[in-house]
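Everything below concerns the one structure shown next.
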Amino acid sequence: MKIKVDKEEYERLLERVYCLEEEFRHSHDYMYKNWKWTRESLYEMMEDYFKTQCMTVMVKRDKNIIVGEVRENAMNNLFKENKK
């Protein structure tokens, strides 16, 4: 089964294929040339993420310690008032 394609459509298809190949080549070259920059930025993003996560854990831990100390002081004050 043969499919007939007119000459104009064929030329348009060839042009589209050529444009797609150029876009791919350009993006591939760009990624290859900037791989070092990309890798460094990835490491920076990972470092920022872990730094933020560590800060979140530290804040939660400090908050729990402070809340515990406040509760301890409140309980001590309550029982001291009851003894008088």
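Each reported figure results from applying straightforward, stated rules to the coordinates on display, with no laboratory input. Keep in mind the model is a prediction, meaning the values are calculated, not measured. Note that we place each Cβ from the backbone using ideal geometry, even for glycine, and neighbour counts take in every protein chain shown.
Treating only the Cβ of Lys, Arg, Asp and Glu as charged (+1, +1, -1, -1), what charge dipole size does the range 7-83 show about its Cα centre? Round to the nearest 20 debye. Present the calculation step by step, with values, prior to reporting the outcome.
Working: 14 positive and 16 negative charges, 167 e Å.
Result for the range 7-83 is approximately 800 debye, rounded to the nearest 20.
Calculated from the structure, Rg and Dmax of the Cα atoms in Å equals which of [x] 33.2, 106; [y] 15.4, 49; [z] 12.8, 41?
Among [x] 33.2, 106; [y] 15.4, 49; [z] 12.8, 41, the one calculated here is [x].
Hey, what number do you get for the chain at 222 nm if only DSSP H runs of n ≥ 4 count, each worth -39500 (n - 2.57), divided across all residues, to the nearest 500? List each step's numbers first, then the result.
On the way: 2 runs with 76 residues, N = 84.
Mean residue ellipticity, 222 nm, calculated: -33500 deg cm²/dmol.
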